[in-house]
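The values are calculated or read from the model by the stated rules, or taken from the named source; none is laboratory data. In this text the structure is predicted, and so the values were computed from the model without any measurement. Note that we place each Cβ from the backbone using ideal geometry, even for glycine, and neighbour counts take in every protein chain shown. Accessible surface is based on the protein model in full, side chains and every heavy atom, while ligands, DNA and RNA are left aside. Shrake-Rupley method; radii C 1.70, N 1.55, O 1.52, S 1.80 Å.
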Amino acid sequence: MLKKNRGESKIILILILLIVVAGIYVGFKWGYASWDAAGLREDVNESLVYWSTHGAPPPENMRIEILQKARENNIELYDEDIDIELGDQFLNVYLYWETELAFPGGYTYYLPFSIEREVRIK
């Protein structure tokens with residue numbers, strides 16, 4: 001009787017190992033995308049703090065700088081993904097993008113990210 005159970009336990013062990021490996025793979029893909037998003041969030045915050053204290057440049061220059069920072073952080077950000085609202089006393093920046101996570105078997109998941117930040121201009 002024990003010999004029959006031994007083969008079944010090997011199959012279960014292999015399935016458990018496959019699930020663990022798949023979880024680690026998904027975790028790394030998700031983690032890298034989140035790491036890049038956190039880097040862009042930090043860079044945008046630094047720029048906004050600078051603009052709020054030293055004067056805001058024209059919105060087109062802000063847009064160009066944000067796009068450059070996105071490229072530096074390995075994020076595909078397009079012009080239509082950036083919304084900048086510049087008032088007399090405030091600066092509001094809203095970014096939205098999706099990062100493509102491609103998995104084996106042709107499955108693709110789009111992970112959404114956004115940054116919304118408002119600062120007071122001094």
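Could you calculate the FRET efficiency of Lys122 with Ala102 from 1/(1 + (r/R0)^6), where r is the beta carbon distance between them and R0 is 41 Å, rounded to 0.05? Efficiency, rounded to the nearest 0.05: 0.40.
Sparse packing (at most 13 other Cβ atoms within 10 Å of the Cβ) combined with a DSSP loop state is found for the following GluC sites (Glu not before Pro) in segment 46-117: Glu76.
Look at the dipole of the chain built from charges on Cβ: of Pro104, Gly31, Asn73, the Cα furthest out on the positive end belongs to Pro104.
Once Kirkwood radius over Cα pairs in Å is calculated for the structure shown, the corresponding label among (i) 17.3; (ii) 17.8; (iii) 18.8 turns out to be (i).
For the chain, the Cβ-based charge dipole about the Cα centre amounts to some 1260 debye (Lys, Arg positive; Asp, Glu negative; other atoms uncharged).
For the chain, the per residue solvent-accessible surface stands at 72 Å², with DNA, RNA and ligands left out and a 1.4 Å probe.
With a cut-off of at most 13 other beta carbons within 10 Å, and DSSP calling the residue loop, which chymotrypsin sites (Phe, Trp or Tyr not before Pro) in segment 4-85 qualify? Please list them. In loop regions of segment 4-85 (DSSP not H, G, I, E or B), the sparsely surrounded chymotrypsin sites (Phe, Trp or Tyr not before Pro) are Tyr78.
What is the extension gain from Tyr110 to Ile16, computed as 0.36 nm multiplied by their sequence separation minus the C-alpha to C-alpha distance, in nm to one decimal?
Numbers: separation 94, 0.36 × 94 = 33.84 nm, distance 2.66 nm.
Taking 0.36 nm per residue and subtracting the Cα distance, the gain is 31.2 nm.
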